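Remarks on the structure that follows.
Just so it is clear, none of the values below were taken in a lab; they were calculated from the coordinates. It should be emphasised that the depicted structure is a prediction, and the values quoted were computed from it without experimental measurement. For neighbour counting, all protein chains shown are included, and Cβ atoms are generated from backbone atoms with ideal geometry for every residue, glycine included.
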Protein chains: 2
Amino acid sequence: MRSAEIVAIGSELLGATRVDTNSLWLTERLNDIGIEVMLKTVVGDDGERLQEALTDALRRSDLVITTGGLGPTEDDITRKYSAAAVKGELVYHDEIETNLRERFKAWGREMPEINKRQAFVIDGSTILPNPNGSAVGMLYENDGKMLVVLPGPPRENQPMFLDHVYSILKQRAGDFYTYRRILKVSGMGESAVDEIAAPIYSSYDGVQTSILFNKSEVELHIAARADSQNAALTLTNDVAGKLAAALGDAVFSTNGETMEQVVGRMLTERGETLSLAESCTGGLVARRITEVAGSSRYFVEGAVTYANEAKVRSLGVDPEILANYGAVSAECAEAMARGIRERSGTDHAISVTGIAGPDGGTAEKPVGTVFIGYSSAAVTRSIKLTLPGDRYLIRWRTSQAAMDYLRRQMSRS
Amino acid sequence: MRSAEIVAIGSELLGATRVDTNSLWLTERLNDIGIEVMLKTVVGDDGERLQEALTDALRRSDLVITTGGLGPTEDDITRKYSAAAVKGELVYHDEIETNLRERFKAWGREMPEINKRQAFVIDGSTILPNPNGSAVGMLYENDGKMLVVLPGPPRENQPMFLDHVYSILKQRAGDFYTYRRILKVSGMGESAVDEIAAPIYSSYDGVQTSILFNKSEVELHIAARADSQNAALTLTNDVAGKLAAALGDAVFSTNGETMEQVVGRMLTERGETLSLAESCTGGLVARRITEVAGSSRYFVEGAVTYANEAKVRSLGVDPEILANYGAVSAECAEAMARGIRERSGTDHAISVTGIAGPDGGTAEKPVGTVFIGYSSAAVTRSIKLTLPGDRYLIRWRTSQAAMDYLRRQMSRS
């Protein structure tokens, strides 16, 4: 089994606003085991088109994976037309319905009658259980071709694929091993990273390195393929190690950890605590810090002091500072960090004040001007940044820079 | 001309990291003039697959638009295999090469010989000029089918489409107009919404309704097509009006507004202010409220009181409440809302306290138990919710429910 196609189903995916993220994720998993995705199709809630697209896909490729269209409503058409595409029949499974009824009961609700539709599967297919949703998946094989039918929501789709499909495909695909690592870099641009990284990664064969720029960080994706697991692992780690050494402390993560996980782990290891005072990010830093399970061990309190009087009242910022320097200033950032640290009694405090736009910019302090403050018992300091982007991106990049500032301050001490 | 397909060409689009944005943009333009995109295909740099995919697409649909694969390098295969798909010949155009040579000269460079490839077009096709790049496009018609070949980079693709393709398609599409609306529903599941909505929308012809479930809300997408702009508008609004009436105040948005925009607009219209006290959502409600530009007009302050002592110190929650009822209780939620409102002097305050997991749940208060408090000068009250999902989803759904609670409280008064 070498060639695959992915068919994403749902009219919403044909619209201008929704991106099919499942197929990106599935492509990476399939590439890992040496199966090449040759084609992707997105088809709307139109049964005939879907059947035609599936028939064409099964003619062209060994493996076809569909995502979506398994819900209980009338426009969820995958069951019916995938059965038609393989010239199979849909058969009703009592135990699927019983199972569904029980799950609805556990949520304190009666199963709506339309959910009965989800108890039908292609005759002769393997049923793929879905602990995260109401739609089961299917794996159907015939004539050397395999059709895998998965639900659309990534939280259902991905575990189902990993738990019930991946190992079967891996076996069929043969002995190819790919090992991946991601280095995450903060505070450097894409070109600057590539100038340092390219001479290193381009000296290797069998290693694919791509540089991606996300909202606020540069990622180096390293993937090495070899004919043994060990060789792939060694090769990947070798490249990753050289790249990390060359890039220095701009690399904040070498194992997939997010910035919030990195600072959370550092705080946990040190047994120290954190408080936050935010203005322009409006709670985004706190939200990201608390996205990490177990963050209550180190995160004590955050203040979202949007209005100036809130900065004075809740953080004890001297009104003189606001009058003389303005809310967007190094002085205010430092007073905010000191204020929340003293109030909450934490070891570290980070503050953010800036202009996220679209309004509020001036010639002297344009949109994107941000001050980040840091305070500990030993020191209170701040940095100024000028960030590009719209309101959303400026806020996101500020939150990343604030956590990175905390990381660098902790690394020093 | 009613039905279209888009074929995006390039192995990079099959990778796990690159998204084909052209097709989203083209879909919107085509929808605007009543041409429905029935299918999208992404195909790599594989000539035979491409030819097969194009042949299949032209069999199924009136219009096929390709993007990408027109560069001068060897893996740019669109010219050759699109010609093969329509059983046409590639012919060399002297004036295209002359033009290209002059452009390279204007950039102060000699034209590389491989760029000669870009002077070949399908015999009988209309050449679409490209002022923004080196690859011309093509428009080829045969047997009632139209093939439009566009370059990949959006800066070349989009102007070429608008300047040389759009008006032709608009004329062919005839007088068909599509009008779209989205109803957003909070506090009801997908099946429950469909049970009410299906009898309404399925009684209409020419109206496509799809039901989508996002992390915390159900969306009803309504698209009506008619032969005049006015008829499409009337039909859409008629269906939307009936659906909104049937679903009642669960519908929080009928014009695409997000929940944070809806409560922001309500607060602005009333000239009132808001403060927030969050525990388990960790700043997520504040972040969403302040995502809206201009939110400083109504949002004064948020407190992220993660630790119990922060709830006492910063919100004045009576330690007796924490001792007797716990931090996850109606009493605590109400004390938090009252506390932040009194401290910040706002008209409204919302509070959130709950167990987002994965740890911290008990038999009595399992993961997903959430209390939302509301306080105004007139009233302080709370609701209890039991939300399904993992930490991320519980937090997201809680933030949505908190803003929805504020919306409902404001609607009442």
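Once Rg and the Kirkwood radius are both taken over the C-alpha atoms of chain A, their ratio Rg/Rh works out to 1.06. The order of B:LYS80, A:LYS40, going from fewest to most other C-beta atoms within 10 Å of their C-beta, is B:LYS80, A:LYS40.
A point 7 Å from Cα along Cα→Cβ stands in for A:GLY271, and the other copies hold the same point at 5.7 nm, listed in rising order.
Remark: label point of A:GLY241 defined 7 Å out from Cα along the Cα-Cβ vector; separations to the same position in other copies 7.2 nm, ascending. Using the Cβ-Cβ distance between B:GLU12 and B:ASP249 with R0 = 41 Å, the FRET efficiency computed as 1/(1 + (r/R0)^6) comes to roughly 0.30. The length gained by stretching the chain between B:GLU141 and B:ASP359 to full extension, at 0.36 nm per residue less their Cα-Cα distance, is 72.2 nm. Along the Cα-to-Cβ line of A:ASP390, 7 Å from the Cα, sits a label point; which residues in the stretch B:148-167 have backbone N less than 14 Å from it? Within reach of a label on A:ASP390, which here means backbone N under 14 Å from a point 7 Å along Cα→Cβ, the stretch B:148-167 contributes nothing. For A:GLU269, neighbours were defined as the other residues whose beta-carbon sits under 14 Å from its Cβ, and their charges (Lys and Arg +1, Asp and Glu -1) total +1. By the helix-only formula, in which each DSSP H run with n ≥ 4 contributes -39500 (n - 2.57) and the sum is divided by residues, the protein assembly as shown has a 222 nm mean residue ellipticity of -12500 deg cm²/dmol.
Report the calculated FRET efficiency for B:LEU233 and A:GLU74 (r = Cβ-Cβ distance, R0 = 25 Å), to the nearest 0.05. Each step should come with its number before you reach the end.
Numbers: r = 25 Å, r/R0 = 1.01.
The pair B:LEU233/A:GLU74 has a calculated efficiency of 0.50.
For the residues of B:187-194, the average number of beta carbons from a partner chain within 10 Å of their own beta carbon is 4.
Distant-in-sequence amide contacts of B:THR67, defined by a placed amide H-H separation under 5 Å and a gap of 5 or more residues or a different chain, comprise B:VAL7, B:ALA8, B:ILE9, B:LEU150.
For the peptides A:120-129, A:63-72, the ranking by mean Cβ contacts within 10 Å, running from highest to lowest, is A:63-72, A:120-129.
Taking every DSSP beta bridge with both residues inside the protein assembly as shown, roughly what % is antiparallel (nearest 5)? Counting DSSP beta bridges with both partners in the protein assembly as shown, the antiparallel share is about 65 percent.
The HN-Hα couplings worked out from phi for the stretch B:145-161 by the Karplus form 6.51 cos²θ - 1.76 cosθ + 1.60 (θ = phi - 60°) are 10, 10, 10, 10, 10, 10, x, x, x, x, 5, 9, 4, 5, x, 4, 5 Hz, whole numbers, x standing for Gly and Pro.
The label-point distance for A:GLU48 and A:LEU162, in a model that sets each label 7 Å from Cα toward Cβ, rounds to 4.1 nm.
Cross-link pairs exceeding 26 Å in C-alpha to C-alpha distance, out of B:LYS80/B:LYS170; B:LYS184/B:LYS365; A:LYS40/B:LYS145; A:LYS145/B:LYS40; A:LYS184/A:LYS311, comprise B:LYS80/B:LYS170; B:LYS184/B:LYS365; A:LYS184/A:LYS311.
Each copy carries A:PRO131; placing its label point 7 Å along the C-beta direction from Cα gives inter-copy distances of 5.9 nm, listed from smallest up. The residues packed around A:LEU385, meaning those with a beta-carbon under 11 Å from its beta-carbon, carry a net charge of +1 if Lys and Arg are +1 and Asp and Glu are -1.
The modelled label-to-label distance for the pair B:ALA293/A:LYS215, using points 7 Å beyond Cα in the direction of Cβ, is 1.7 nm.
Pairs of alpha-carbon atoms within less than 8 angstrom and 6+ residues apart define the contacts here; what relative contact order does the stretch B:177-253 have, in percent? Present the calculation step by step, with values, prior to reporting the outcome.
Details: 133 pairs, mean separation 35.3, N = 77.
Dividing the mean separation by the residue count of the stretch B:177-253 yields 46 percent.
Residues of the stretch A:384-410 with an amide N closer than 18 Å to a point placed 7 Å from the Cα of B:ARG155 along the Cα-to-Cβ direction: A:389. Counting neighbouring Cβ atoms within 10 Å and putting the fewest first, the residues B:TRP107, A:TRP396 line up as B:TRP107, A:TRP396. Label-to-label distance, A:ILE182 versus B:ALA377, with points set 7 angstrom from Cα along the beta-carbon direction: 5.0 nm. Sorted fewest first by neighbouring Cβ atoms within 10 angstrom, B:THR27, B:THR98 come out as B:THR98, B:THR27.
Considering only C-alpha atoms, what is the centroid distance from the stretch B:113-129 to the stretch A:209-271, in Å? That distance is 44 Å.
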